[in-house]
1. Check whether at least one residue in the stretch 14-28 is part of a loop (DSSP other than H, G, I, E, B), modelled with pLDDT of 75 or more and surrounded by 10 or more Cβ atoms within 10 Å (Cβ to Cβ), and report yes or no.
2. Filter the stretch 33-91 down to residues that are at pLDDT below 65, part of a loop (DSSP other than H, G, I, E, B) and touching a strand residue (DSSP E or B) at 6+ places or on another chain (Cβ under 6 Å), then give me how many there are.
Amino acid sequence: MCDVDDGSLSVQGAADACGMAYRTMLGMMRRGDLPAEKPGKEWRLRRTDVEAFIERARVKLGEVKAAPPRSGGRVRHGNSEGPGRCLGPRG
């Protein structure tokens, strides 16, 4: 996972380690989701920061609840006073 001996990663190396696209990694860096430094011409990320991000993002067994089942009918929009509008296949 490490690009150079100092324990830092390039943007592409960090993106590969996280299993995401280069541009997604850049966006996360810009938003401050992952700390990065630009000591010269290229951005660098600390390997330990990337590993910590991966650990935080990992879904742990039992933490995620199943989504409720979807209704099989049409979705009805409106209020109690009117019929509203049905969304779904025309028929």
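The values are calculated or read from the model by the stated rules, or taken from the named source; none is laboratory data. Keep in mind the model is a prediction, meaning the values are calculated, not measured. Counting neighbours? That spans all protein chains shown, and the Cβs are built from the backbone with ideal geometry, glycine included.
1. Step one: list which residues in the stretch 14-28 are part of a loop (DSSP other than H, G, I, E, B), which gives 19-21.
Among the residues that remain, those that are also modelled with pLDDT of 75 or more are: 19-21.
With the extra rule that they be surrounded by 10 or more Cβ atoms within 10 Å (Cβ to Cβ), the set shrinks to 20-21.
Taking every residue of the stretch 14-28 in turn, at least one turns out to be part of a loop (DSSP other than H, G, I, E, B), modelled with pLDDT of 75 or more and surrounded by 10 or more Cβ atoms within 10 Å (Cβ to Cβ).
2. Residues in the stretch 33-91 being at pLDDT below 65, part of a loop (DSSP other than H, G, I, E, B) and touching a strand residue (DSSP E or B) at 6+ places or on another chain (Cβ under 6 Å): 2 in total.
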